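Report on the following structure.
The values are calculated or read from the model by the stated rules, or taken from the named source; none is laboratory data. Everything numeric here is computed off the predicted structure, so don't read it as measured data. A quick note on method: Cβ atoms are made from the backbone with ideal geometry, for glycine too, and the neighbour counts reach across all protein chains shown. Quick note on the areas: whole protein, heavy atoms, side chains included, nothing else; ligands and nucleic acids left out. Shrake-Rupley method; radii C 1.70, N 1.55, O 1.52, S 1.80 Å.
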Amino acid sequence: SFEGEIYRQLDNLIHESAQALDQADPVTTKNSSGYALTQVLQKDGSFDLTPLFVGSQGTLGVVTAAQIQAQPHNLQNSIVMIGFTKIDDLASFSSAVLTLEPSALEIIDKNLLNEVHTLQSNQLKGIIESPYPNFVLIVEFDDPKDRDRQRKIKKLNKILDELDGTLLNETSDPDEREKIWKVRNSAAVVMGANFKGRSALPLIEDGCVPPENFAKLISG
C-alpha cells in the first residue's frame, strides 16, 4: 500500500544515512527543530512517524484528525526563587537541580529585570526588589504527593548551602506562585515596549546548549 511504501522507503533512508543522522542529532533533553528522523525508529524496531510528521511543520502533509493522550497535571505545585551573583554558581546549581526532575526551571537575568523596572516600575513591586541579583532562578516541582515535593525542596536547599546563592522565596500558595511567575513573564513587557515610536517584532526563539556549556554561553 501507499503507507507501506512510506515505511519501506523511510527505513532505507534511515539506515543508509545512519552516520549522517547520528552526527546531526543534537545531544539535548529536548529538540523541537527539524524532521526528527532519529526519533522515528524505536529501539524495538517499530516505527513511529509522529515525530517526523510533527517536525515537518506542514511540509509533508496536514493533520485532519488526531487522537491524543492527556498527562496528569497537579495543581498543587511548589516553587522556589533563588538569586545568584556568579554565573558559575548558577550553572552548577542548575545542573544539580536537574537531577531532581523539576517540572520547570527558568532563568532571568538582571538586565531584563532592570529594563522591566524602567518601563513599568510597578510590574515587579512586592515580588522582587531592586537592586536585583545578577541572575534569578525559578524552580518548580509538581510531584503529586506533597511529601515528595518537600523532600526535593529540602535537597535543593542542601545544594544551595554549598553555593553562593540567596533564597528569595519558597511557597506552595497558588497566589504567591502566580506572583513569582510574573518575574519570568515580565519579559513580555520588554518585548511589547515602544521605543521612539517603534516596537519589536513579537518573536521568541530559544538557543540550546548542553548544561555544562551554559556559563560559557552567557559569559561569551
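Taking the alpha-carbon centroid of each part, what is the distance from the range 49-113 to the range 1-45 in angstrom?
So the two Cα centres are separated by 24 Å.
In a GNM of the chain with a 10 Å cut-off on Cα contacts, which of GLN120, GLN150, GLN71 has the highest mean-square fluctuation?
Per the Cα network of the chain with a 10 Å cutoff, GLN71 tops the list.
Using a 1.4 Å probe on the protein chains only, how many percent of the accessible area of the range 1-135 belongs to carbon and sulfur?
51
Beyond a 26 Å Cα-Cα separation, which of these cross-linked pairs lie in this structure: LYS125/LYS154; LYS86/LYS154; LYS125/LYS216?
Numbers: LYS125/LYS154 28 Å; LYS86/LYS154 22 Å; LYS125/LYS216 32 Å.
Cα-Cα > 26 Å for LYS125/LYS154; LYS125/LYS216; rest within.
Would you calculate the volume per residue, in Å³, of the smallest convex hull containing every Cα atom of the chain?
Details: hull volume 43.1 nm³, N = 220.
Per residue, the Cα convex hull of the chain comes to 196 Å³.
Lysines within cross-link reach of LYS43: Cα-Cα under 25 Å, excluding same-chain residues under 8 positions apart?
LYS30
Output ³J(HN,Hα) for the range 60-68: one whole-Hz value per residue in order, computed from phi by the Karplus curve 6.51 cos²θ - 1.76 cosθ + 1.60 with θ = phi - 60°, and x for Gly and Pro.
Taking θ as phi minus 60°, the curve returns 9, x, 10, 8, 9, 7, 8, 10, 10 Hz for the range 60-68.
So what is the relative contact order for the chain, in percent, with contacts set as C-alpha pairs under 8 Å and at least six apart? Don't skip to the end; give the middle numbers.
Values: 234 pairs, mean separation 53.9, N = 220.
24 percent.
I want to verify a result. In a Gaussian network model of the chain, Cα cutoff 10 Å, which of these has the top mean-square fluctuation: THR50, THR166, THR118?
Per the Cα network of the chain with a 10 Å cutoff, THR50 tops the list.
Any idea of the accessible area per residue across the chain, 1.4 Å probe, to the nearest Å²?
Accessible area per residue: 69 Å².
If I model a spin label at LEU13 and SER219 as a point 7 Å from the Cα along the Cα→Cβ vector, what separation in nanometres do I get?
4.2
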